[in-house]
1. For the condition in contact with a Leu (Cβ under 7 Å, 6 or more places away or on another chain), modelled with pLDDT under 95 and under 14 Å from Gln39 (Cα atoms), what is the one hit in Ala84, Ala67?
2. Based on what the data block shows, is Ala209 over 20 Å from Glu176 (Cα atoms) and modelled with pLDDT of 95 or more?
3. Exactly one of these conditions fails for Gln138: (1) farther than 30 Å from Ser28 by Cβ; (2) surrounded by 11 or more Cβ atoms within 10 Å (Cβ to Cβ); (3) not charged (D, E, K, R). Give me its number.
4. Leu191 is checked against (1) aliphatic (A, V, I, L, M); (2) closer than 30 Å to Arg252 by Cα; (3) out of contact with any strand residue (DSSP E or B) (no Cβ under 8 Å at 6 or more places or on another chain) and fails just one. What number does that condition carry?
5. Given region 155-235, what strands (runs of 3 or more DSSP E) lie entirely inside it while holding 3 or more residues that are crowded, with 16+ Cβ neighbours inside 10 Å?
6. Starting from region 197-226, take each residue that is closer than 14 Å to Leu300 by Cα and list its partners that are among the polar types (S, T, N, Q), counting only C-beta distances under 7 angstrom and pairs at least six apart or across chains.
7. Exactly one of (1) farther than 13 Å from Leu300 by Cα; (2) touching a helix residue (DSSP H, G or I) at 6+ places or on another chain (Cβ under 9 Å); (3) surrounded by fewer than 21 Cβ atoms within 10 Å (Cβ to Cβ) is unmet by Leu260. Its number?
8. What do you reckon, is Ala145 at pLDDT below 85 and within 40 Å of the chain's Cα centre (by Cα)?
Amino acid sequence: MKNIRTNLVLASAVLLISACASQPKSTSLLDQVRIDYVQAQGNPKIATYAALEMQSATEALAKANAAAKERESLETVDKLAYLAKQKIALATEVASKKSSESEIASSAAIRDQVRLDQRTQQVEQARLKAEEAERSAQAARDAAAAATQQKNLAQDNEAQAQRLAAEASARNTQLEAQLAELAAKKTERGLVITLGDVLFGTDLARLNADGTRVAQRLATILQQNPKRAVLVEGFADSTGQTRHNQELSERRAAAVRDALLDMGVARERISQRGYGESYPVAANDTAANRQLNRRVEIVLSDDRGVITPR
């Protein structure tokens, strides 16, 4: 094969030299042979099946090109070109024949392989059907077992749900009773406990003894209902400076929060706000009404710890 590649390179060089030399002799036959040679070179079948024949054609064409370059007689050039043409034709014929034979052999091998593949596929299909049947049977067994397990689980869940519902109902009943003692009111935001002005020192943010007792009862309720949280909101009347009223409402809310913390309620369960003169529950036109506005409201969350914002 190394010699073949070498000869191909030489032939190409000969063609290039013949094309570039100063007015070499040529004939129409030689020109046609050169074209045939280039076409043969581009035929992959010739490279595969007729390499030796193509080598011979290459050598013959090289001689014809050499004769043309040496400006030998046209008769000599044509004889050599004709010989090269015959060798090119032979290479083409050999390649075509061997290619056909290879295709026939390949077709036979393909047919044999197809038959073998068909038989193999049939065996594989039978095996797959058997496996599928076994899987179906196993799936049916598993489904029956799962159905039984699911039924038992559903019964257990139902019993547990009933037990939890009963426990929740009992806790809610107890909670409502406890909150009723603190005069809690149901609002759109939930249950609200109001600590009036009388539970603080006059114009002070410190719970008096009665206020501390109320806070203690609320702390006990929160400890018994660990999923509940509270929002402590402070309010003031409109008497005096707005800034002072705002600060007083914040300090009073903080005082309730601190009391609950001291009584063991976790910090993350308590939020606080101070609203000053905002959100009055009565007109600030009489002393009694102003006293109603000086208050702290404690909003109890639902059993998910959620408090509806104001």
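The values are calculated or read from the model by the stated rules, or taken from the named source; none is laboratory data. As the structure is a computational prediction, the values presented were derived from the model and not from experiment. Here Cβ is always computed from backbone atoms with ideal geometry, including for glycine, and neighbour counts include all displayed protein chains.
1. Values: Ala67 fails: under 14 Å from Gln39 (Cα atoms).
Among Ala84, Ala67, only Ala84 is in contact with a Leu (Cβ under 7 Å, 6 or more places away or on another chain), modelled with pLDDT under 95 and under 14 Å from Gln39 (Cα atoms).
2. Working: over 20 Å from Glu176 (Cα atoms): yes; modelled with pLDDT of 95 or more: no.
Here the answer is no, as Ala209 does not meet what is asked.
3. Here Gln138 clears every test but (2).
4. (3)
5. Details: elements: 185-187, 190-196, 230-235.
Here the list reads 190-196, 230-235.
6. Close Cβ pairs (under 7 Å, with a partner that is among the polar types (S, T, N, Q)) amount to Ile221/Gln178.
7. For Leu260, the failing item is (3).
8. On the way: at pLDDT below 85: no; within 40 Å of the chain's Cα centre (by Cα): yes.
No.
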